[in-house]
Amino acid sequence: MKITTDNVAQVLASIQELASKQVMVGIPATKAEREEGDDEPINNAQLGYIHEYGAPASNIPPRPFLIPGVAHAQDKINNHLQKAAKAAMDGNAEKVDVELNATGLVAQAGAKFEINNGIFEELKKSTLAARRKRGRTGVKPLIDTGQLRNSITYVIRKKD
């Protein structure tokens, strides 16, 4: 005896759910604030943008970490997105969410890895002197307190 079940509605709902979501990686406004007591007048999202693209008027060179970090993780990201698509075709909405979260984690890790290991223009002597004055000894660009790196996260949102 052969039993056939009609799960077309479940599959279509799962595909629609996947198609309506997007994984976004970066520094969302809700995670952008710097710790209390910092002298920085800007938040982590603004600081991340400045470092990603540079600020010529302030003599800050670009030190991109987000776009290259995600790009270096693209094969792993694509693997999880393919698994999400397969799960949607199987009607497994729960697995779709698991794979979208895995996608976000991989992309987030890629950006953080880039901050830790990327090759950036060296810090200026004045920046190093300012760090030493604050009791910091690190010379790595983009890493002073670690707040910028630690603020990188991902969110899964409904597409607009």
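Each reported figure results from applying straightforward, stated rules to the coordinates on display, with no laboratory input. If you're wondering where the values come from, they're calculated on a predicted model, not measured in any experiment. Heads up, the Cβs are rebuilt from the backbone with ideal geometry, glycines too, and the neighbour counts pull from every protein chain shown.
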For this session: For the chain, set up a Gaussian network in which alpha carbons nearer than 10 Å are linked by springs, and say which option among K86, K76, K112 fluctuates the most.
Result: K86
Exercise. Which is the longest part of the chain that has none of the GluC sites (Glu not before Pro) sitting in a DSSP loop with at most 10 other Cβ atoms within 10 Å?
Worked result: 37-160
For this session: Please list the radius of gyration and Dmax for the range 61-160, considering alpha-carbon atoms only, with Å as the unit.
Result: 17.9, 59
Exercise. Can you sort R131, R157 by how many other beta carbons sit within 10 Å, fewest first?
Worked result: R157, R131
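How high is the relative contact order of the chain? Use alpha-carbon pairs under 8 Å, at least six apart in sequence, and give a whole percent. Intermediate values should be presented prior to the final figure.
Values: 208 pairs, mean separation 53.7, N = 160.
Result for the chain is 34 percent.
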Exercise. Contour minus end-to-end for S20 and D97, with contour as 0.36 nm per residue of separation and end-to-end as the Cα-Cα distance?
Worked result: 26.5 nm
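Taking 41 Å as R0, compute the FRET efficiency from the Cβ-Cβ separation of F113 and V11 and round it to 0.05. Don't skip to the answer; put the middle values down first.
On the way: r = 36 Å, r/R0 = 0.88.
Efficiency for this residue pair is about 0.70.
Pop the C-beta distance of E52 and K86 into the FRET formula with R0 = 35 Å and round what comes out to the nearest 0.05. Each step should come with its number before you reach the end.
Working: r = 33 Å, r/R0 = 0.94.
Efficiency computed from Cβ-Cβ geometry: 0.60.
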Exercise. Per the helix-only calculation at 222 nm, which mean residue ellipticity applies to the chain, given -39500 (n - 2.57) for every DSSP H run of n ≥ 4 and division by its residues, nearest 500 deg cm²/dmol?
Worked result: -16000 deg cm²/dmol
Exercise. Amide H neighbours of I60 under 5 Å, counting only residues 5+ apart in sequence or on other chains, H built in-plane at 1.01 Å?
Worked result: A55
Problem set entry | Long pairs among K21/K112; K86/K140; K76/K124; K76/K133; K95/K140, criterion Cα-Cα beyond 31 Å | K86/K140; K76/K124; K76/K133; K95/K140
Problem set entry | G118 long-range amide H proximity, modeled H, under 5 Å | none
Problem set entry | Given charges at beta-carbon only (K, R positive; D, E negative), |dipole| of the chain in Debye | 460
